[in-house]
2 protein chains.
Amino acid sequence: MDKSKSNVNQSKQSEQIKQLVEPIRDDLLSGAAEIALRAISIFQSVLATSQSLSAKDLKEQLQITADALIDAQPAMASVFHLCNTVLLTSSAVKNADDTKQCDQIRLDCAAALEKFEKTLCDSAAEIAEKTISLIPPGELIFAYSFSSTVVSMLLHARAKGRYFRVVCTESRPSMEGRKLATRLAAGGIEVICTFDSAMGLVLPNCSTAFMGCDCLGRPGVVNKVGSYVLALTCKELKIPLYALAGTEKIVSDDRLFEFEKHERPGDEVWENPPHGVKVLNRQFELVPLSLITGIVTENGVLHENEINDYVAKTEIHESLRLEAVAF
Amino acid sequence: MDKSKSNVNQSKQSEQIKQLVEPIRDDLLSGAAEIALRAISIFQSVLATSQSLSAKDLKEQLQITADALIDAQPAMASVFHLCNTVLLTSSAVKNADDTKQCDQIRLDCAAALEKFEKTLCDSAAEIAEKTISLIPPGELIFAYSFSSTVVSMLLHARAKGRYFRVVCTESRPSMEGRKLATRLAAGGIEVICTFDSAMGLVLPNCSTAFMGCDCLGRPGVVNKVGSYVLALTCKELKIPLYALAGTEKIVSDDRLFEFEKHERPGDEVWENPPHGVKVLNRQFELVPLSLITGIVTENGVLHENEINDYVAKTEIHESLRLEAVAF
């Protein structure tokens, strides 16, 4: 294939990748684990449609996919680690024969994706098992926003015969709290749902609160906006608040603050506001560790000093390292 | 008029009163002062259509109106005091001549209503003047829900040349925060609006917060749901929070808790929730005085021990006294 043709193909494929990733940017209802599973499918599609590419171009396609996914969901640590895993895997493959190199990249990346997916699922199952003892039987418990880890934990606890009711709030503006309520009710759990600012009204009747986690670092947990007032109210009312998070959510301090890039269109909150009114629509916020009773991972309740160990032992692909900000 | 005819007329008029009051029950956008002004109009209508009644029946009509208004808005102290004033005024009129008694009731009540309206307006103006010094120039300030007292205070401060921007939240489910934003923007004040659970995200940039008040007593301030998490967040972030309230908002401890009767239909929050999900829609909640920096009344910042004096010196019509709960 001559070079100009290759360039045309490359740019066409880059366009296709962007189209594949776009729905992930606009997915406001899924929890972090669900979005990571969707990102795995996207990498699988890119690998499957890469048959005619050279090794260099294939690696570039994977890089474009990784960059697009991280840009679409900068607060999602599991998406970041998934992309990092794929890039490290593809970079490690060296072979003088271009066709053989391509085949090896596809094989190794497919295996890495499968392993990542299995880890996500196993981790959710482990967290569910480890959290059961934190649900006081017969009580009202509070759950915030939508997290598939929290949903599977609650359904697992109910399947194990633990009786409880759940209170949740709707989670404006995307209303993913309604998705949580619907899933739990379909699983036979009685749910009480109200609007978000009524947290202070319902929490005094709850004995424990749970939330998911999009990203976790030494400064705290990044999760859906509203988690901060939830944590503050739980602290005031002395209600334990647990964040459920696989260790694939752990990132370095600088990466943690990437969530601040994530601003959504104002019209998702208020269509056609009058002249003079600016509408703000941020999706994520940071909850300091001091406001959270415990973070339950697949290895049990996390100790703050373990976060450093996870960060230290994680190799980051050179293209994903954040540059130090120059002053 | 024979007795049976009189009974028919009475019940017809009672029905008319209920129809007059119903829109007040469903008024979720107006602040307390606006609702009190609407209640004044209703009393004026009842007086205007009472020409054929006996003094006994006229007093009964006023009683029915008062009971219906208090039942429609149990959290609104100004509606309660308005009704109390009308009932005390009409009860005080004694005259052997029935026609003369009726005329006197109409005259005295009309004067009492006019005086109440003037007090409400003067009080809002006084509060506005006394609050200006609490607005730091050039800063972002936070305002919650909709209160005509807060709106007129902010517009007054702007008219006096004080520059500031306002941050508010939408106030689900009735969205009266949008009404606040619209009114302020129309008055030339720059507004930033977001959803309610994002309070914790915007408050760190604000230097002061203001809210209205529906009812005020020794246990605290009753205001729109969300005021409690607002107060908690302000306390954590060390942002002064002021409630603006005319002294006509002050009630006894037992009357204060009448707001708990006020539950709204769930479908205002979530239409057609799935089976197994109960939707809770409460409108008001209590914020303890300990979470509020100060309450600004027409007489300046209120001291907690003054609340007792106001309660002690207010005569309550016998029909409006709450019975002690029997154990």
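Note the direction-averaged projected area, equal to a quarter of the hull surface, for the Cα convex hull of region B:32-185, in nm².
Numbers: hull surface 41.0 nm².
So the mean shadow area of the Cα hull is 10.2 nm².
Under a 5 Å amide H to amide H cut-off, with H placed in plane at 1.01 Å, what residues pair with residue B:53 once short-range neighbours are removed?
Amide H to amide H, under 5 Å and 5 or more residues apart or across chains, residue B:53 pairs with nothing.
If you fit an axis through the alpha-carbon atoms of helix B:148-159 and take the longest principal axis of the Cα set of chain B, what angle between them do you get, 0 to 90°, nearest 10?
50 degrees
Counting alpha carbon pairs within less than 8 Å and at least 6 residues apart, what relative contact order, in whole percent, applies to region B:3-125? Please report the intermediate quantities before stating the final value.
On the way: 97 pairs, mean separation 33.4, N = 123.
Over region B:3-125, the number comes to 27 percent.
Rounded, prolate or oblate: which one fits region B:129-320, using the alpha carbon gyration tensor with axes a ≥ b ≥ c (rounded when a/c is under 1.5, else prolate when a/b beats b/c, else oblate)? Walk me through the intermediate numbers first.
Numbers: a/c = 1.77, a/b = 1.04, b/c = 1.70.
It is oblate, given that a/c is not under 1.5 and a/b is not larger than b/c.
Going 7 Å from Cα along the Cα-Cβ axis for the label, what nanometre distances separate residue A:288 from the same residue across the other copies?
2.1
Rounded to the nearest 20 Debye, what is the dipole magnitude of chain A about its Cα centre when Lys and Arg each give +1 and Asp and Glu each give -1 at the C-beta?
On the way: 34 positive and 43 negative charges, 109 e Å.
That gives a dipole near 520 debye.
Using every pair of alpha-carbon atoms in the protein assembly as shown, split the distances into 10 Å bins beginning at 0 and state the percent of pairs per bin, rounded to integers.
3, 14, 21, 20, 16, 11, 7, 4, 2, 1, 0, 0
For the pair residue A:19 and residue B:205, how long in nm is the line joining their label points, each one 7 Å along Cα→Cβ?
About 3.7 nm separates the two model spin labels.
Which one of B:302, B:286, B:180 has the biggest mean-square fluctuation once chain B is modelled by GNM with Cα springs under 10 Å?
Highest fluctuation of the listed residues: B:302.
Averaging over every viewing direction, what projected area does the convex hull of the Cα atoms of region A:3-121 cover, in nm²? All intermediate terms of the calculation are to be shown ahead of the outcome.
On the way: hull surface 27.7 nm².
Orientation-averaged projected area of the Cα hull: 6.9 nm².
Hey, if you put +1 on the Cβ of every Lys and Arg and -1 on every Asp and Glu Cβ in chain A, which of A:61, A:35, A:240 ends up farthest toward the positive end of that dipole?
Towards the positive end, the residue furthest out is A:240.
In what order do A:102, A:168 fall by count of nearby beta-carbon atoms within 10 Å, going from fewest to most? Before the final figure, lay out the partial values.
Numbers: A:102 23, A:168 28.
Ranking A:102, A:168 by Cβ neighbours within 10 Å, fewest first, gives A:102, A:168.
So if I take the centroid of the Cα atoms in region B:237-284 and the same for region A:122-195, what is the distance between those two points in Å?
Computed from Cα coordinates, the inter-centre distance equals 25 Å.
What is the distance in Å between the Cα centres of region A:29-85 and region A:218-232?
If you average the Cα positions of each part, the centres end up 27 Å apart.
Which FRET efficiency value, to the nearest 0.05, do you get for residue B:271 and residue B:318 by plugging their Cβ-Cβ distance into 1/(1 + (r/R0)^6) with R0 = 60 Å? Before the final figure, lay out the partial values.
Values: r = 43 Å, r/R0 = 0.72.
Once rounded, the FRET efficiency stands at 0.90.
Region A:197-242: D in µm²/s via Stokes-Einstein (Kirkwood Rh, Cα pairs, 20 °C, 1.002 mPa s)? Can you show the working numbers first?
Details: Rh = 11.1 Å.
The calculation lands on 193 µm²/s.
Nearest 10 degrees is fine. How inclined is helix A:304-313 to the longest principal axis of chain A, computing both from alpha carbons?
The two axes meet at around 10 degrees.
Roughly what % antiparallel, to the nearest 5, for the DSSP beta bridges in the protein assembly as shown?
Numbers: 22 of 63 bridges.
Roughly 35 percent of the beta bridges in the protein assembly as shown run antiparallel, per DSSP.
Antiparallel versus total DSSP beta bridges in region B:204-327: what percent is that, nearest 5?
60 percent
Assigning unit charges at the beta carbon (Lys, Arg +1; Asp, Glu -1) and nothing else, what dipole magnitude in debye, to the nearest 20, does region A:3-121 show about its Cα centre?
On the way: 13 positive and 15 negative charges, 66 e Å.
I would put it at about 320 debye.
Just to confirm the number: angle between the C-alpha axis of helix A:55-72 and the first principal axis of chain A, 0 to 90 degrees, nearest 10?
20 degrees
Once R0 is set to 41 Å, what does the formula 1/(1 + (r/R0)^6) return for the Cβ-Cβ distance between residue B:28 and residue B:96, expressed as a FRET efficiency to the nearest 0.05? Walk me through the numbers before you get to the answer.
Numbers: r = 47 Å, r/R0 = 1.14.
Efficiency, rounded to the nearest 0.05: 0.30.
Just to be sure I understand the curve: with the Debye formula and one point per C-alpha of chain B, what is log10 I(q)/I(0) at q = 0.06, 0.10, 0.11, 0.12 Å⁻¹?
Debye curve over Cα of chain B, log10 I(q)/I(0) at q = 0.06, 0.10, 0.11, 0.12 Å⁻¹: -0.23, -0.62, -0.74, -0.86.
Hey, which of these cross-link pairs are over 28 Å Cα-Cα: A:59/A:249; A:238/B:278; B:59/B:224? Could the numbers behind the result be given before it?
Numbers: A:59/A:249 25 Å; A:238/B:278 25 Å; B:59/B:224 33 Å.
Checking Cα-Cα distances, B:59/B:224 exceed 28 Å.
Give the aspartates and glutamates whose C-alpha is closer than 17 Å to that of residue A:56, dropping any in the same chain fewer than 8 places away, or say none.
Answer for residue A:56, where 17 Å is the Cα cut-off: A:2, A:67, A:97, A:98, A:103, A:108, A:318, listed by chain and number.
Nearest 0.05, what FRET efficiency do residue B:54 and residue A:159 give at R0 = 56 Å with Cβ-Cβ as r? The partial results should precede the final answer.
Working: r = 70 Å, r/R0 = 1.25.
Efficiency for this residue pair is about 0.20.
So for each of A:211-217, B:204-210, A:21-27 I average, over its residues, the number of other beta carbons within 10 Å; can you give me the resulting order with the highest mean first? It would help to have the intermediate numbers written out before the result.
Numbers: A:211-217: 26.6, B:204-210: 18.9, A:21-27: 15.1.
Descending packing order for the listed peptides: A:211-217, B:204-210, A:21-27.
Compute the relative contact order of chain B as a whole-number percentage, counting only Cα pairs closer than 8 Å that sit 6 or more residues apart in sequence.
Values: 532 pairs, mean separation 56.3, N = 327.
With pairs under 8 Å counted, the relative contact order is 17 percent.
Residue B:319 label points, 7 Å along Cα→Cβ, one per copy: pairwise distances from this copy to the rest in nm, shortest first?
8.0
Placing unit charges on C-beta atoms (Lys and Arg positive, Asp and Glu negative, everything else neutral), compute the dipole magnitude of the protein assembly as shown about its Cα centre in debye, rounded to 20.
On the way: 68 positive and 86 negative charges, 40 e Å.
Charge dipole of the protein assembly as shown: 200 debye, to the nearest 20.
May I ask you to evaluate 6.51 cos²θ - 1.76 cosθ + 1.60, the Karplus curve with θ = phi - 60°, for each residue of region A:80-89 and list the ³J(HN,Hα) values in order in whole Hz, giving x for glycine and proline?
Using θ = phi - 60°, the values come out as 4, 5, 4, 4, 4, 4, 5, 5, 4, 5 Hz.
If you keep only loop residues by DSSP, which trypsin sites (Lys or Arg not before Pro) in region A:57-154 have at most 12 other Cβ atoms within 10 Å of their Cβ?
Numbers: sites: A:59, A:94, A:100, A:106, A:115, A:118, A:130; in loops: A:94.
Sparse-neighbourhood loop trypsin sites (Lys or Arg not before Pro): A:94.
Antiparallel as a % of all DSSP beta bridges within chain B, to the nearest 5? Please list the in-between numbers first.
Working: 11 of 29 bridges.
Within chain B, antiparallel bridges account for around 40 percent of the total.
Would you work out the Kirkwood radius for region A:204-293? I mean one over the mean of 1/r across all pairs of different Cα atoms, in Å. Could the numbers behind the result be given before it?
Working: mean 1/r = 0.0691 Å⁻¹.
Across region A:204-293, the inverse of the average 1/r is 14.5 Å.
Taking K and R as +1 and D and E as -1, what net charge do the other residues with C-beta under 15 Å from the C-beta of residue A:323 add up to?
Cβ neighbours under 15 Å give a net charge of -2.
What are the nm distances, shortest first, from residue A:161 to its equivalents in the other copies, labels at 7 Å along Cα→Cβ?
Label point to label point, same position, other copies: 7.8 nm.
A short reminder: the numbers here are calculations on the coordinates, not readings from a lab. Bear in mind the structure is a predicted one, so any value in this text is a computation, not a measurement. Quick reminder, even Gly has a Cβ in these numbers, built from the backbone with ideal geometry, and neighbours come from all protein chains shown.
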